[in-house]
Amino acid sequence: MHRFYLGLALLLAGCGGSSNKTEQQTEAATRAAPFTLPYTLNQPDHNTTLPKKLKEVSGLTYYKADKLLCVQDEEAVVYVYDTKKKQVVQEFGFGGFGDYEGIEYVDDEVYVLQSNGDLFRFTPPADTDAIETEVASNIRRTKTDLPEKTEVEGLGYEPKTKRLLLAVKNGGGASSDKTVYSFDLRNRAVFKDMQLNDEQLTGAGIDPKSWKPSGIAVHPITGEWYILTSAGKRLLITNRQAKILYSEPLDPKLFRQPEGICFAPNGDLFIASEGDGKKGYIMQFTYKK
């Protein structure tokens, strides 16, 4: 059983009033500017339909130039999706049936998250044009020992701390559905990394009862955490200290069932959505600096 550590970083700043005009001007000049979302979420630059086998797409991650890795929630198969060819160009398996909810590609290895918190780690096969599903190598399974009845659905990666991020959808026992756990890749330990509260969510225009994260990703340029929720159709952006920076509702006609989120190294945003009775699809949003 791994030990859980509460990782809370609270930054306290205090300032008193000043009658000095120069001091007031300096204070105003150093205040953080309002957050501006560098994407137009109601106007994707590309919207491509996925094949039938990815109808239940549940996670995606950046892989290589013009390629994403996708996973669906019923079979232990990773699909390599070419964003230029707009098709799946390779498939490889890593196990049996399960409930797979997230995927990340880190340091030449693939990590896949099961809804109970278990992590599969393996090496993807070399690029091929094989039609049949190949088999990954060096497949390993790690139990993260999250609190009982905890259900996780989002998997991200924080490069500064070299930790995988596990976003809780439904809490159980000592867990909470407003928690993000992290799995340290260096020492294989689990931490309680961030936790939002009802007051924060309400202040951001979110009904706390509807907050059920389905995806999480770290922006490669700014380091902000982008948290996606399918149930409440919302994108929430925070910093690493659990401060909410931005919140935007998602158009349910455009985002039928958003489940996966990732970034290209240049900041372009990808969001995958299940078909909700139709085929799944991936939307791409260009990063506007």
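The values are calculated or read from the model by the stated rules, or taken from the named source; none is laboratory data. Just so we're clear, the structure is a prediction, and the values are computed from it rather than from any experiment. Using ideal geometry, Cβ is built from the backbone for each residue, glycine included, and neighbour counts are taken over all protein chains shown.
Testing Asn138 on (1) of a type outside the set (Gly, Ala, Ser); (2) surrounded by 15 or more Cβ atoms within 10 Å (Cβ to Cβ); (3) not in a loop (DSSP other than H, G, I, E, B), one condition comes back false. Which one is that?
Asn138 satisfies all of (1) of a type outside the set (Gly, Ala, Ser); (2) surrounded by 15 or more Cβ atoms within 10 Å (Cβ to Cβ); (3) not in a loop (DSSP other than H, G, I, E, B) except (2).
Just the residues that are assigned to a strand (DSSP E or B) and either more than 27 Å from Phe285 (Cα to Cα) or of a type in the set (Val, Ile, Thr) (or both), please, taken from the stretch 74-102.
Residues satisfying the conditions are Val77, Val78, Val80, Val88, Val89, Phe92, Gly93.
Looking only at the stretch 76-87, which residues are buried (at least 18 other Cβ atoms within 10 Å of the Cβ) and of a type outside the set (Ser, Thr, Tyr)?
Correct list: Ala76, Val77, Val78, Val80.
Criterion first (out of contact with any Ser or Thr (no Cβ under 9 Å at 6 or more places or on another chain), modelled with pLDDT under 95 and either under 26 Å from Gly277 (Cα atoms) or not small (Gly, Ala, Ser) (or both)) does Asp73 satisfy it?
Considered against the rule, which asks whether it is out of contact with any Ser or Thr (no Cβ under 9 Å at 6 or more places or on another chain), modelled with pLDDT under 95 and either under 26 Å from Gly277 (Cα atoms) or not small (Gly, Ala, Ser) (or both), Asp73 comes out as no.
Within the stretch 173-189, identify whether any single residue is at pLDDT 95 or above, surrounded by fewer than 22 Cβ atoms within 10 Å (Cβ to Cβ) and either at positive phi or not hydrophobic (A, V, I, L, M, F, W, C) (or both), and answer yes or no.
yes
Select from the stretch 52-65 the residues that are surrounded by 13 or more Cβ atoms within 10 Å (Cβ to Cβ) and part of a loop (DSSP other than H, G, I, E, B) and list them in ascending order.
Lys55, Glu56
Taking into account only those residues within the stretch 266-276 that are small (Gly, Ala, Ser) and not in a loop (DSSP other than H, G, I, E, B), which is nearest to the chain's Cα centre (by Cα)?
Ala272
Pick out the one residue from Lys279, Lys289 that is within 21 Å of Lys67 (Cα to Cα), among the basic types (Lys, Arg) and outside any helix (DSSP H, G or I).
One residue alone meets the criteria, Lys279.
Taking the stretch 202-249 on its own, how many of its residues are modelled with pLDDT under 95, aliphatic (A, V, I, L, M) and buried (at least 21 other Cβ atoms within 10 Å of the Cβ)?
Looking only at that region, the number is 0.
Given the structure, is Leu235 closer than 15 Å to Gly154 by Cβ and aliphatic (A, V, I, L, M)?
yes
Taking the stretch 116-128 as the region of interest, how many residues are closer than 22 Å to Phe270 by Cβ and assigned to a loop (DSSP other than H, G, I, E, B)?
Residues meeting the conditions: 2.
Restricting to the stretch 254-265, what's the tally of residues that are in a loop (DSSP other than H, G, I, E, B) and either more than 23 Å from Leu69 (Cβ to Cβ) or touching a Pro at 6+ places or on another chain (Cβ under 7 Å) (or both)?
Result for the stretch 254-265: 2.
Would you check which residues across the stretch 138-161 are closer than 16 Å to Leu185 by Cβ and either of a type in the set (Ser, Thr, Tyr) or in contact with a Pro (Cβ under 6 Å, 6 or more places away or on another chain) (or both) and list them?
Across the stretch 138-161, the qualifying residues are Thr142, Thr144, Tyr157, Thr161.
For a quick check of your reading: which strands (runs of 3 or more DSSP E) sit entirely within the stretch 148-253 and have at least 1 residues that are without any contact (Cβ under 8 Å) to a residue 60 or more places away in the chain and among the aliphatic types (A, V, I, L, M)?
Counting at least 1 such residues, we get 151-158, 163-170, 179-184, 234-238, 244-249.
Is it true that Gly102 is touching a residue at least 40 places away in the same chain (Cβ under 8 Å) and more than 17 Å from the chain's Cα centre (by Cα)?
Here the answer is no, as Gly102 does not meet what is asked.
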